[in-house]
Every structure is written in structure tokens, then in C-alpha cells.
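Just so it is clear, none of the values below were taken in a lab; they were calculated from the coordinates. Since this is a predicted model, take the numbers as computed values, not measurements. Because the Cβ atoms are built from the backbone with ideal geometry, glycine has one as well, and the counts that use them run over all protein chains shown.
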Amino acid sequence: MARLAIGITVPMLFAAVAAYTQMGAAPPQTSSRYAQWEYGPPSDPSYFPIAVWLQDPANATRFKEAGINVYVGLWEGPTEGQLAALKQAGMPVICDQNEVGLAHRTDRTIIGWMHGDEPDNAQPVTDPNTGQGTYGPPVPPPKIVADYQKLRAADPTRPIMLNLGQGVANDEWIGRGSAARPDDYLTYVKGCDVVSFDVYPVVGISKPDGENYLWYVPKGVDRLVKWTDGEKIIWNCIECTHIGNPDKKATPHQVRAEVWMALIHGSTGLIYFVHQFQPRFVEAALLADPEMLAAVTAINRQIRELAPVLNSPSVTDGATVKSSAAEVPIDLMVKQQQGATYVFAVGMRNGPTRGSFEVRGLPAKATAEVLGEGRSIPVVGGKFEDDFQPYDAHIYRIR
């Protein structure tokens, strides 16, 4: 009888594969999608990218304390000084591919290159006759694909990131400019290895009740997954400040809901937008908001602790859930890791409900530990129930 490793026989391996197949999942993957790039993001399964957008390297240590592990974008950079500061802080970066950046090809501080932000939005132009600034069409999608080829030819050892605007999720968005078409996105997504987008429901979609549209975040993730046929790495941006709305800001609870909605729907990386432009400009507004900073730090800590689980394959049809309120669906994701089944669930609308869960492949009696909440729920015959207040996200670990 052949043995593949100490104590593991071929029949045992087949049995393990069969068990995963019965649960509807593929066998565990052994390599990260980042492993294809020599100088890309870490391929360790315990790594989950959590970024901030366009921040001063001087604040890298403080962001690192909040659980941030990558910068995306550098103002008018990268410069030698910016890269030196990030390297000293142990903070990697995804940045523009300029001469300074290319001079650091073997520097692991740079883990990716990026296009200009939001090429799908109307681009600023200057009237040659009046000198007045205005907005014109978006960047043509074929140009993004051509630029991707140039960036990759200059350095194939790092992934190329593209961040798109809220038009990915918001069909009412008027900021895409003339000549823009919805099917442009099918071409845009071909011009990158990592594709992200930003939509800020509470403060940025021009609705008085933006807090009722947090589901725009997973809607955009779903679209990117569909448009890329699952072949690209999907990230997304998260709001956590006033940004340009002096009268509104997402609550810590809403921010947490946006995060878990995104992850449950297939995002594998987060970018916090931490600028504030109104009522006054604050570049690192998150760091100046003790309540939100504590909440984001706690969210990031939980993601970091669960990274090996989040990076593992999802169990297709591993569980079902029925919501007691038809207008408040509950979305879920199921993972398995080290003998435990994880069910990630979030209420998708701004209202309460009760979820009735049924998880496949469990013994007659089990216990669901609700992570981070200090409580447990009996699971009988694979079934259990739990209450959801508006936008609650619960994570169940069932052993």
C-alpha cells in the first residue's frame, strides 16, 4: 500500500477528497494566487490584504497598528523618500510604475503596480480656448488594456491593479461621462490582474437614505466576479469617513457590514478610503476618529485571525438559510478549516430578521460558537436559528 506521507495512505487521500466532494467543495488549494508573481503580495495563507488608499508614508506605523498591511497609491510617487519610509515601517505598497519604482525592481517594498484611479469615470479636461476645467469622456477601455501590456512588459514580477468607480455597482451614477457604455467594463477588467472598485453607499451615492443601500457593495463585487469569469483577483474599497459629505458618515456597525458583505460575495482584499474632504480636509481622517479607528482595528484583527479560513475554498451549497423577513435576505459563505465548519452570514438590508440555518455534513449534535460575541448556539441535526439586528454580521464556528 503506497504511502504519501507519514500515516497517510492513498485510500485515505481518496477518502478525504470524497468527503470534500460530498460537501460540494473542491479539495483544499495549496497555493495562493499571488504565488505567480515573484515580487507580488505574500502567498502565505495567513495573509489577507487590508489596505489604505493614497496615504502619507509618515503614518504607516499607525496604520499598521490598526491592522493595515499594504498601502495603495502614493501622492506624486513613488519617490525615494516614500519608499524608504515605507520600508522602514515594514509597509508594502502598490504604486505607479515610474522611473523610481522601476529602479526598485528587486525591492519587496513594492508588491504591485497600478493604473490611474477610476478610468471609467469622466476625466478632467481643459478647454484650450478658455482655459476652463471641465470633464470629458472616460479613458477608452482598449487604452487600459494596452497600458496593462506595457506595465507587465516592463515588470512581469508583480501584479497590476485597476480600481474602478462606483458605476460598477450604481446604475444611476452620472459621473461616467459622455460615450461611456455599461459593457465597457467587460474590456476594462481585461487590463489588470487585480481589479477593485469603490462605492460608498452612505456618503457617496447622492441618496438621502444611503444607509439603506449598503448592498451596493456586494452588488459590485458580484459584477466583478461575473465580468472576469472568476479569473481575476477581486478587491474593493470601504467607506469609513465623511469623505465629501459633511452631514453623514457610516457607523462602525455599517462599516463592518459592508466589509463582511464584500467578503461573503467574493472580495479577497479590502482598501479603506480614509480621506475626509468635508467639512474640512483631513488626509488620515480615520486616525483622527477614535471610535471608528477602534472599530476598524477590531474588524481587521478578526480578518487577520480568520485569514487561513478566508483564503480556503468555499464549500458550495454547504449551508442554506431562511430569513423570517422576506425583505431582509441573509447571505452566507461556508468554509472548512482544521475540522471546523465556518458559516459567515450577514443581514443584507436595514431591518431585523431571524435566520434558520441548515448546515450539511454535521453530526446529530454540535455547537456553533459565534465568534467575537461570547455566545454559542446548539446545533441539532445540522439546524440552528439566530437573530439579526439591522446589518448584523455573524460568524459561526461549528466543531
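Here are some notes:
- Segment 233-263 residues near the modelled Ser206 label - backbone nitrogen below 16 Å, point 7 Å along Cα→Cβ: 244-245
- Cleavage-rule hits, GluC sites (Glu not before Pro), segment 214-274, DSSP coil, Cβ neighbours within 10 Å at most 14: Glu231
- A cut-off under 14 angstrom between Cβ atoms defines the neighbours of Asp392, and their net charge, with Lys, Arg +1 and Asp, Glu -1, is -2.
- Cross-link reach list, lysines versus Lys150, counting only Cα pairs under 30 Å and skipping chain neighbours closer than eight places: Lys87, Lys190, Lys226, Lys232
- Net +/- balance of residues flanking Arg176 in space, Cβ distance below 10 Å, scoring K and R +1, D and E -1: -2
- Fully extended contour minus Cα-Cα distance, from Ser376 to Thr126, at 0.36 nm per residue: 83.9 nm
- In the elastic network of the chain, a GNM with C-alpha springs shorter than 10 Å, the most mobile of Tyr216, Tyr272, Tyr47 is Tyr47.
- Taking Gly131, Gly101, Gly175 as the candidate residues, the one with maximal mean-square fluctuation in a Gaussian network model of the chain, Cα springs under 10 Å, is Gly131.
- Calculated mean residue ellipticity, 222 nm, the chain: -7000 deg cm²/dmol, from DSSP H runs (n ≥ 4) at -39500 (n - 2.57) each, averaged per residue and rounded to 500.
- GluC sites (Glu not before Pro) restricted to segment 40-133 and DSSP loop, no more than 13 other C-beta within 10 Å: Glu76
- Computed on the Cα atoms alone, the convex hull of segment 33-310 gives a volume of 137 cubic angstrom per residue.
- Relative packing of 363-375, 319-331, which averages over residues the other C-beta atoms within 10 Å, highest first: 319-331, 363-375
- Each residue of segment 261-349 gets 136 Å³ once the volume of the Cα convex hull is shared out per residue.
- Partner aspartates and glutamates for Lys335 [C-alpha distance under 12 Å; skip if fewer than 8 residues away on the same chain]: Asp317
- Taking only Cα atoms of segment 319-398, radius of gyration then Dmax in Å: 11.9, 36
- Result for the chain in a Gaussian network model with C-alpha springs under 10 Å: among His242, His253, His115, the largest mean-square fluctuation is at His253.
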